[in-house]
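All remarks here apply to the structure that follows.
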């Protein structure tokens, strides 16, 4: 078939148009495919960021739980130690509840002068209000350690008051030990030894108490203290020797 110039031109234009449309279609398809990939990539990126944020939150919570667990372990250890100490105190007779002890002195508020403290302490001692007198004697000793009135007699009264109040055995022994250490020639020396032994008996330290009784039997047989102890010696020996 012979194609003239006009027909050839029409055919060429038709082919060109068809080719252009196909190229455009394929380009559009490619663009849509790329767009889908971009959208998918964007979505994945958002999910990835969300997962990272969630992971960071979880890691923080885990670390927080670890810290709380560590803190609780420390507190549990402290509590166990406190319970063990209280059990030891109960077994030895040393336990007393400071929280239930009324503060009669309130030194930080009233700022008692030495003479005022001693006046109240001695008055309450005479009335046999031993808990109150023990606190006032103790406040004097703590706050005025260089006062001239702080002597063996005052320490002895402080020790006896503390013993009779039964609130703080360690305080009782501290006052009596001061007499034994600093005033070996004092008229209250043997009394301090005896009251210390009685305090140790309250603490459940029966062997120490028996040793005190034996010391009086061997060294202080001609004393008023031994006269008191001797009438009970056989009972004491049978009960506490072993």
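Structure summary
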| item | result |
| --- | --- |
| Centre separation in Å (Cα based) which lies between the range 107-155 and the range 162-188 | 15 Å |
| Fully extended contour minus Cα-Cα distance, from residue 38 to residue 206, at 0.36 nm per residue | 51.5 nm |
| Rg ratio (alpha-carbon, reference 2.2 N^0.38 Å) - the range 106-204 | 1.02 |
| Ordering of 231-238, 40-47 by burial proxy (mean other Cβ atoms within 10 Å per residue, highest first) | 231-238, 40-47 |
| Gain in span if fully extended, residue 170 to residue 149, counting 0.36 nm per residue against the direct Cα distance | 5.3 nm |
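Each reported figure results from applying straightforward, stated rules to the coordinates on display, with no laboratory input. Given the structure is predicted, the values throughout are model-derived calculations rather than measurements. Every residue, glycine among them, receives a Cβ derived from its backbone with ideal geometry; neighbour counts consider all protein chains shown.
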